[in-house]
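For reference, the structure discussed in these notes is given below.
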Amino acid sequence: MAVIVHEENGKTLSEAIAEVEKSIELTEFACSLPQLVQGEILEVSKGVECRSERHPLGGVASIAPFNFPNMVPHWTLPKAITLGNAMILKPSEQVPISAIRIAELLTEAGLPDGIFNIVNGDRESVEAICDHADIDAVSFVGSTKVAKIVYQRATGHNKRVLTLGGAKNYLLVLPDANHEMTSSDVTASMSGCAGQRCMAAAAVIAVGNVDGIINGICEKAKTIIPGKNLGAIISKEAQTRIENYITEAEEQGADILVDGRGATVKNKENGFYVGPTVIDHVTPEMSIAQEEVFGPVLSIIRVDTVEQALEIENSSQYGNAAAVFTQSGGLAKYVAANVSAGMIGVNIGVPVPREPFSFGGWNQSKFGVGDLTGKSSIEFWTKLKKITTKWNPEAKTNWMS
């Protein structure tokens with residue numbers, strides 16, 4: 001499965017193996033869900049009891065992106081099915097092969113026909129899923145622009161909908177941060193999966209003098225080599241878009257400390273690569289500071305205080321993730337309490353929660369209520385039935401009678 005991810009997506013084999021390992025974790029947790037959906041029963045008055053039960057929704061659909069062709073389907077597929085639903089998966093048209101292999105393995109494992117289904121296609125297929133009367137719930141992972149459209153269209157047909165959009169993740173680096181750990185984690189967060197993930201470090205907000213850490217980031221970035229320990233960009237269009245952001249920032253006065261433009265790989269000259277790029281003296285109003293680049297590009301924005309850093313982070317339309325690097329417990333708690341993001345890291349560059357904690361951001365990074373993963377995903381993939389029963393005919397008459 002990891003080889004398929006590596007070949008169709010372009011990420012390194014080690015990254016693909018990590019993606020499949022995460023899929024295993026998601027599936028193992030999903031297998032515990034039937035034990036977590038037990039109902040509740042109470043005697044609410046003499047001779048009267050109320051009971052709650054959870055039931056499947058029916059037919060549900062999941063629309064997945066190109067960047068994690070194995071993991072993102074496993075955010076939804078195992079949970080929806082173990083909770084009693086039938087699933088339709090629409091994989092990205094750029095990476096359709098992993099979904100087919102998942103279906104083959106589920107068939108070999110004995111999953112009945114019709115419980116897991118694949119629909120390939122592009123916009124037309126997404127619109128059909130949003131409109132189809134027999135689909136009760138829709139999940140989507142992709143850009144914020146499309147997430148909004150899918151949410152509005154599917155809810156317009158009275159479906160339960162949860163869509164996850166884009167991100168602009170800021171990492172606050174304070175002067176007391178551990179130099180080695182911070183430079184390693186920030187570089188890995190920026191360059192992992194070639195920056196094509198919604199949890200990637202998009203910008204460092206450097207609070208005060210952290211030049212030593214920035215120098216460390218640059219040195220480590222230079223050891224990340226396209227085609228060796230850095231994977232490919234998904235398409236020529238994406239490569240061009242990423243390089244245009246870098247060029248625009250340079251033209252606007254930013255300093256390119258490490259330049260990944262024009263990267264080539266021997267014997268893969270027709271491949272699409274962008275090397276790790278570190279850009280200093282980016283200002284908050286620049287496009288590269290505000291928009292999702294989705295590549296191995298790190299912007300550095302310099303400020304004097306934590307309050308200024310929080311103001312920049314909280315002004316973003318997105319709210320997927322944020323992190324702070326510091327050795328001060330008090331400052332870490334202060335940032336975590338005041339930052340406007342759904343997933344927070346303290347000395348962690350990619351603060352993805354593990355099961356049973358759920359994945360999901362705030363603001364324009366998420367549309368809808370609930371979660372696709374974690375224990376709280378039970379709320380999204382099931383519906384609640386309440387049963388009130390009276391057995392005692394001699395019970396005192398009250399408003400419930």
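The values are calculated or read from the model by the stated rules, or taken from the named source; none is laboratory data. The structure presented is a predicted model; accordingly, all values stated were derived computationally and were not measured. FYI the Cβ positions are ideal-geometry reconstructions off the backbone, even for glycines, and counts take in every protein chain you see.
Would you check which residues across region 163-191 are under 30 Å from Lys236 (Cβ atoms) and surrounded by fewer than 24 Cβ atoms within 10 Å (Cβ to Cβ) and list them?
In the first step, residues of region 163-191 are kept if they are under 30 Å from Lys236 (Cβ atoms); the result is 163-171, 186-191.
The answer is Gly166, Ala188.
Give me the pairs, please: first residue somewhere in region 243-260 and over 18 Å from Arg302 (Cα atoms), second residue anywhere and part of a helix (DSSP H, G or I) and not small (Gly, Ala, Ser), beta-carbon distance under 6 Å, and either six or more positions apart or on two chains.
Every condition considered, the pairs that remain are Tyr245/Ile288.
Tell me yes or no: at least one residue of region 289-310 is among the polar types (S, T, N, Q) and over 22 Å from Ala202 (Cβ atoms). Give the derivation first.
So in region 289-310, the residues among the polar types (S, T, N, Q) come out as 290, 299, 305, 308.
Add one more test, that the residue is over 22 Å from Ala202 (Cβ atoms), and what stays is none.
Checking region 289-310: not a single residue is among the polar types (S, T, N, Q) and over 22 Å from Ala202 (Cβ atoms).
Name the helices (runs of 4 or more DSSP H) wholly within region 77-194 that hold at least 3 residues that are modelled with pLDDT of 95 or more and among the polar types (S, T, N, Q)?
Values: elements: 97-108, 123-131, 144-155, 179-191.
Once the helices (runs of 4 or more DSSP H) in region 77-194 are filtered for at least 3 residues that are modelled with pLDDT of 95 or more and among the polar types (S, T, N, Q), what remains is 144-155, 179-191.
Within region 239-250, does at least one residue satisfy the condition of being touching a Leu at 6+ places or on another chain (Cβ under 8 Å) and surrounded by 14 or more Cβ atoms within 10 Å (Cβ to Cβ)?
Initially, region 239-250 is screened for residues touching a Leu at 6+ places or on another chain (Cβ under 8 Å), giving none.
No, because not a single residue in region 239-250 is touching a Leu at 6+ places or on another chain (Cβ under 8 Å) and surrounded by 14 or more Cβ atoms within 10 Å (Cβ to Cβ).
Test Ala341 against the stated conditions and say whether it is without any contact (Cβ under 8 Å) to a residue 12 or more places away in the chain and over 20 Å from Leu26 (Cα atoms). Explain how you work it out, then say what you get.
Values: without any contact (Cβ under 8 Å) to a residue 12 or more places away in the chain: no; over 20 Å from Leu26 (Cα atoms): yes.
Spelling it out, it is not the case that Ala341 is without any contact (Cβ under 8 Å) to a residue 12 or more places away in the chain and over 20 Å from Leu26 (Cα atoms).
Restricting attention to region 321-338, does a residue exist that is in a loop (DSSP other than H, G, I, E, B), modelled with pLDDT of 95 or more and within 30 Å of Thr27 (Cα to Cα)? Spell out how you get there, then give the answer.
Within region 321-338, the first condition is being in a loop (DSSP other than H, G, I, E, B), and the residues that meet it are 326-328.
Then drop every residue that is not modelled with pLDDT of 95 or more, which leaves 326-328.
With the extra rule that they be within 30 Å of Thr27 (Cα to Cα), the set shrinks to none.
No, the conditions are met nowhere in region 321-338.
Which pairs have Cβ atoms under 7 Å, sit 6 or more apart or on different chains, and link a residue in region 302-329 that is in the same structural domain as Glu180 (by TED's automatic domain parsing) and within 17 Å of Ile348 (Cα to Cα) to one that is of a type outside the set (Gly, Ala, Ser) and loosely packed, with under 14 Cβ neighbours inside 10 Å?
From residues that are in the same structural domain as Glu180 (by TED's automatic domain parsing) and within 17 Å of Ile348 (Cα to Cα), the pairs are Thr326/Asp176; Gln327/Asp176; Ser328/Asp176.
Could you tell me whether any residue of region 350-361 is among the basic types (Lys, Arg) and surrounded by fewer than 18 Cβ atoms within 10 Å (Cβ to Cβ)?
So the first thing to find is which residues in region 350-361 are among the basic types (Lys, Arg), and the list is 354.
Still in the running and surrounded by fewer than 18 Cβ atoms within 10 Å (Cβ to Cβ): 354.
Scanning region 350-361, I find at least one residue that is among the basic types (Lys, Arg) and surrounded by fewer than 18 Cβ atoms within 10 Å (Cβ to Cβ), so the answer is yes.
Given the conditions (1) polar (S, T, N, Q); (2) over 28 Å from Lys79 (Cβ atoms); (3) touching a residue at least 40 places away in the same chain (Cβ under 8 Å), report the number of the one that Ser143 does not fulfil.
Among (1) polar (S, T, N, Q); (2) over 28 Å from Lys79 (Cβ atoms); (3) touching a residue at least 40 places away in the same chain (Cβ under 8 Å), the lone unmet condition for Ser143 is (2).
What are the residues in region 28-56 that are closer than 29 Å to Met71 by Cβ, out of contact with any strand residue (DSSP E or B) (no Cβ under 6 Å at 6 or more places or on another chain) and in a loop (DSSP other than H, G, I, E, B), if any?
Selection gives Cys31, Ser32, Leu36, Gln38.
Give me the pairs: first residue in region 168-192 and without any contact (Cβ under 8 Å) to a residue 60 or more places away in the chain, second residue part of a loop (DSSP other than H, G, I, E, B), beta-carbon distance under 8 Å, and six or more apart or on different chains, which are they?
If the second residue must be part of a loop (DSSP other than H, G, I, E, B), the pairs left are Pro175/Gly208; Pro175/Asn209; Pro175/Val210.
Could you list, in sequence order, all residues of region 126-162 that are of a type outside the set (A, V, I, L, M) and either under 20 Å from Asn70 (Cα atoms) or buried (at least 18 other Cβ atoms within 10 Å of the Cβ) (or both)?
So in region 126-162, the residues of a type outside the set (A, V, I, L, M) come out as 127, 130-132, 134, 136, 139-140, 142-145, 148, 151-153, 155-160.
Result: Cys130, Asp136, Ser139, Phe140, Gly142, Ser143, Thr144, Tyr151, Lys159, Arg160.
I'd like the full set of residues that are without any contact (Cβ under 8 Å) to a residue 60 or more places away in the chain, buried (at least 17 other Cβ atoms within 10 Å of the Cβ) and assigned to a helix (DSSP H, G or I), limited to region 281-296.
Within region 281-296, just Ile288 meets the criteria.
Looking only at residues that are assigned to a helix (DSSP H, G or I) and either of a type in the set (S, T, N, Q) or touching a Cys at 6+ places or on another chain (Cβ under 6 Å) (or both) in region 241-273, which one is nearest to Thr12 (Cα to Cα)? Reasoning before the result, please.
Pass one, region 241-273, residues assigned to a helix (DSSP H, G or I): 241-251.
With either of a type in the set (S, T, N, Q) or touching a Cys at 6+ places or on another chain (Cβ under 6 Å) (or both) added as a condition, the list becomes 244, 247.
Numbers: Asn244: 24, Thr247: 26 Å.
Residue satisfying both the conditions and the ranking: Asn244.
Which residues, counting only those in region 265-285, are farther than 11 Å from Ala249 by Cβ and of a type in the set (S, T, N, Q)?
Across region 265-285, the qualifying residues are Asn267, Asn270.
Inside region 364-380, can you point out the residues that are part of a helix (DSSP H, G or I), more than 20 Å from Ser52 (Cβ to Cβ) and of a type in the set (Ser, Thr, Tyr)? Let's see the steps before the verdict.
Taking region 364-380 first, the residues part of a helix (DSSP H, G or I) are 364-365, 377-380.
Then drop every residue that is not more than 20 Å from Ser52 (Cβ to Cβ), which leaves 364-365.
Ser365 - this is the single residue of region 364-380 that is part of a helix (DSSP H, G or I), more than 20 Å from Ser52 (Cβ to Cβ) and of a type in the set (Ser, Thr, Tyr).
Considering every residue within region 112-120, establish whether at least one is farther than 12 Å from Leu89 by Cβ, surrounded by 14 or more Cβ atoms within 10 Å (Cβ to Cβ) and out of contact with any Gly (no Cβ under 6 Å at 6 or more places or on another chain).
So in region 112-120, the residues farther than 12 Å from Leu89 by Cβ come out as 112-114.
Going one step further and asking which of them are surrounded by 14 or more Cβ atoms within 10 Å (Cβ to Cβ), we end up with none.
For region 112-120, residues farther than 12 Å from Leu89 by Cβ, surrounded by 14 or more Cβ atoms within 10 Å (Cβ to Cβ) and out of contact with any Gly (no Cβ under 6 Å at 6 or more places or on another chain): absent.
Which pairs have Cβ atoms under 6 Å, sit 6 or more apart or on different chains, and link a residue in region 94-110 that is over 11 Å from Ala64 (Cβ atoms) to one that is surrounded by fewer than 17 Cβ atoms within 10 Å (Cβ to Cβ)?
What qualifies is Ala103/Ile118.
In region 13-21, is there at least one residue being under 26 Å from Asp136 (Cα atoms) and in contact with a helix residue (DSSP H, G or I) (Cβ under 8 Å, 6 or more places away or on another chain)?
There is no residue in region 13-21 that is under 26 Å from Asp136 (Cα atoms) and in contact with a helix residue (DSSP H, G or I) (Cβ under 8 Å, 6 or more places away or on another chain).
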